[in-house]
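This structure is in structure tokens; I'll ask about it shortly.
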């Protein structure tokens with residue numbers, strides 16, 4: 001009988017907290033994305049190179065590319081492999097709803113230039129409860145802001 005009472009009390013305390021796990025995973029994902037954005041902005045300025053952050057919206061993944069000059073007439077983006085820029089993925093049941101950046105909506109990526117400019121973006125993340133949050137990326141500073149709801153920028 002005591003065991004049933006203890007289990008009942010524990011379930012009463014634990015079950016309401018399970019909804020917070022989805023928000024925690026979403027916030028963790030937003031922190032990881034923010035860290036990658038800040039790193040790429042700083043790296044572009046320090047090394048005077050162009051980088052981009054690519055998004056696989058369906059797969060929930062993102063990674064960095066570096067603009068590489070191959071010859072006098074040829075250049076391309078190549079995957080950047082460092083400890084900070086390995087392919088990242090969203091935490092838990094968090095997914096990308098979409099990524100609104102520039103005029104290349106079918107192939108979403110953010111550019112980072114040597115002068116510290118970051119392409120502005122609205123990254124819509126969805127948690128396990130289907131609640132949408134927007135990670136706003138500001139172009140002059142590369143700072144981000146996580147807001148509840150699906151916010152959109154001007155096109």
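Output the peptides 53-62, 79-88 sorted from most to least packed, where packing is the average of other Cβ atoms within 10 Å over each peptide's residues.
For the peptides 53-62, 79-88, the packing ranking is 53-62, 79-88.
Give me 69, 37 sorted ascending by neighbouring Cβ count inside 10 Å, so fewest comes first.
Values: 69 10, 37 24.
Ordered from fewest to most neighbouring Cβ atoms within 10 Å, 69, 37 come out as 69, 37.
Moving on. Tell me, 104, 32, 124 in order of fewest to most beta-carbon neighbours within 10 Å?
104, 32, 124
If you average the sequence gap of Cα pairs under 8 Å that are 6 or more apart and divide by the length of region 19-148, what percent do you get for the contact order?
Numbers: 274 pairs, mean separation 33.9, N = 130.
Taking the mean separation of contacting Cα pairs over the length of region 19-148, I get 26 percent.
Every number here is computed from the coordinates shown, using simple stated rules; none is lab data. Being a predicted model, the structure only gives us computed values, none of them experimental. Heads up, the Cβs are rebuilt from the backbone with ideal geometry, glycines too, and the neighbour counts pull from every protein chain shown.
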